[in-house]
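I have placed the structure first, in the form of structure tokens, so that the comments after it can refer back to it.
The values are calculated or read from the model by the stated rules, or taken from the named source; none is laboratory data. In this text the structure is predicted, and so the values were computed from the model without any measurement. Glycine also receives a Cβ, built like all others from the backbone with ideal geometry; neighbour counts cover every protein chain displayed.
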Amino acid sequence: MLTLEQSLHKSDIGYLRIVAELWGLELESTDAASSMEELCASLLDLEAVAETLEVLPAEARSALNTLVHAGGKMEWAIFGRKYGDIREMGAGRRDREHPHLKPTSTSEILFYRSLLAKAFFETEKGLQEFAYIPEDLLEIIIEVGSGETTFAPKNDPLGRPATPVEKAYEIPATDHILDDATTYLAALRIGEESRSRFRRELPEILQTAHIIKKNGLYPEAVKKFLEASRADALNLLYKAWFNSTAFNELRLMPGILCEGEWTNQPQVTREFLMNLVNDLPKGKWWSLPAFVKAIKEKYPDYQRPAGDYDSWFIKREADGQFLRGFAYWDAIDGALIRYTIHMLHMLGRVDLAAPEEGKEATAFKIQPEVEGQRSKVDGKIVVSSNGKITVSRMFSRAVRYQIARFCEWGEEKNNEFNYFVSARSLKRASEQGLKAEQLLAMLVKYTNSAVPPAMVKSLKRWDSNGAEAKVESLLVLRVSSPEVMEEMRKSKAGKFLGELLSPTAVVVKNGAIEKVMAALAELGLLAEVISDK
């Protein structure tokens, strides 16, 4: 940040005299350079600063206080939007119109007292214009206010505690993302990930954590992730998300579509928001709407370089309406804050609450020791004689992943995952180099040999004989006598007939029913099609 002398370096003598007048001073120097030195010496005086602050209008005092709390500087786009602009005018017009006597904004009140300056500073987002208090003057302002709270810098948490209504229905954080990840990895491994619906963020997080890639898995990383404790695995996903420059919440948010070549900085934005979240009291319910509102008031441009609300092409998915301009802050920037809180909930770091079940979350609570509370591993595997395998949620994820590769998948219910052994699933597994006896060995090991004899027998026979029974839907032609059947088989329709089931019944080949019906009509036979629908 610049000093008072650096801030006044290019000021003309007319501006310096205005500042002196508003501070109750009289400059003796007649040139700009000498006047600047004289003015700096007078302004950087504890007593002079105290007197000037004491007579500041209330709105100017509040604006200055905001700057002090922000560490002495704030992006001009934010400050100017809240406290007004400073009219651009040359020395001649300024000396004719005397804007310091009739300021049109709070910013002008501070500017003509040299309590506020504007300059461009280098930031992570590039060169940006800031409102700032000269560094040496800021130190004195803080010293003047050290006996009171008005100008004391502080880092109060944004927003307020949640009301009883906002936190009425609690939605505790879980580590269920680990189980969803296990299911997704198994689906990806057997090439059937499209069969199950997963949260759109899940593949992105797993890619960010270098567990999967666009065209498959990283086998060693998958093994390490599945064998890790639940606490370590959850922490791995959280850190991967937090540090990722590729995971882009803005482009994953539901309800909007991002178009065009513009770019944002998701990791910088995420880190900024997490700093604000970490300032909140741990283990205490906090109002989500109030938190969003406070960020809008204090840091509205938290993700926008130089307060740019026009160059990002974002449209509402429902109707294709482009959301450009600050008027759509709540729909984009406010929604992103909510989405980030929901990401923390998904990653087991934050509890949510709503006025009632099914309503939008209105409160959140940071978990002080979320990992330790949810890292206990327990559960069991139950195998039924009909081929059903039930795996508890808290059982080994690595084992469930392997079982899933051998089975058809049933619904998850009551914190249990249900699988079914079938000829189709075992054939699919064998195509990946797996043997049924490997599944049997796992089941014997993890059930303490409590595998029904029928299951043992079927898995052992599969590796030797494959499928020994077949269930299929067939279209069957039945005729009144063996003679009619013989006539049909000798006719041109014979090539559309398959396996003979009895002297009067035969299988009709797939898609050939109309040709068979036509052939019957040519023989003077009218057939009736019986459907089970």
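General remarks:
- Residue in the range 57-76 that is surrounded by the fewest Cβ atoms within 10 Å (Cβ to Cβ), counting only those that are among the aliphatic types (A, V, I, L, M) and in a helix (DSSP H, G or I): Ala58
- Some residue of the range 296-316 being within 29 Å of Tyr169 (Cα to Cα) and either touching a Gly at 6+ places or on another chain (Cβ under 7 Å) or surrounded by 17 or more Cβ atoms within 10 Å (Cβ to Cβ) (or both): yes
- Where Glu271 falls short, out of the listed (1) touching a residue at least 40 places away in the same chain (Cβ under 8 Å); (2) within 29 Å of Ile212 (Cα to Cα); (3) in contact with a Phe, Trp or Tyr (Cβ under 9 Å, 6 or more places away or on another chain); (4) not in a loop (DSSP other than H, G, I, E, B): (1)
- Screening the range 166-199 for residues that are part of a loop (DSSP other than H, G, I, E, B), touching a Lys or Arg at 6+ places or on another chain (Cβ under 8 Å) and hydrophobic (A, V, I, L, M, F, W, C) and picking the one that is modelled with the highest pLDDT gives Ala173.
- When residues of the range 211-245 are limited to those that are closer than 27 Å to Asp330 by Cβ and not polar (S, T, N, Q), the one surrounded by the fewest Cβ atoms within 10 Å (Cβ to Cβ): Phe242
- Scanning the range 246-264 for residues that are surrounded by 11 or more Cβ atoms within 10 Å (Cβ to Cβ), part of a loop (DSSP other than H, G, I, E, B) and out of contact with any helix residue (DSSP H, G or I) (no Cβ under 8 Å at 6 or more places or on another chain) yields one hit, Trp262.
- Selection status of Leu439, at pLDDT 80 or above, in contact with a strand residue (DSSP E or B) (Cβ under 8 Å, 6 or more places away or on another chain), in a helix (DSSP H, G or I) and under 30 Å from Tyr401 (Cβ atoms): no
- Residue in the range 300-307 that is closer than 18 Å to Arg270 by Cα, hydroxyl-bearing (Ser, Thr, Tyr) and under 20 Å from the mean Cα position of the chain (by Cα) present: yes
- Residue check, Leu67 in the same structural domain as Ile141 (by TED's automatic domain parsing) and over 25 Å from Ala306 (Cβ atoms): no
- Of all residues in the range 147-165, those that are out of contact with any helix residue (DSSP H, G or I) (no Cβ under 7 Å at 6 or more places or on another chain), at pLDDT 90 or above and closer than 29 Å to Thr66 by Cα total 3.
- First in the range 215-242 and not assigned by TED's automatic domain parsing to the domain that holds Ala398, second anywhere and among the hydroxyl-bearing types (Ser, Thr, Tyr) and not in a helix (DSSP H, G or I), Cβ under 7 Å, 6 or more apart: Ser229/Ser375; Arg230/Ser375; Ala231/Ser375
- Selection within the range 77-126 - charged (D, E, K, R), in a helix (DSSP H, G or I) and more than 20 Å from Leu8 (Cα to Cα): Arg81, Lys82, Arg96, Glu97
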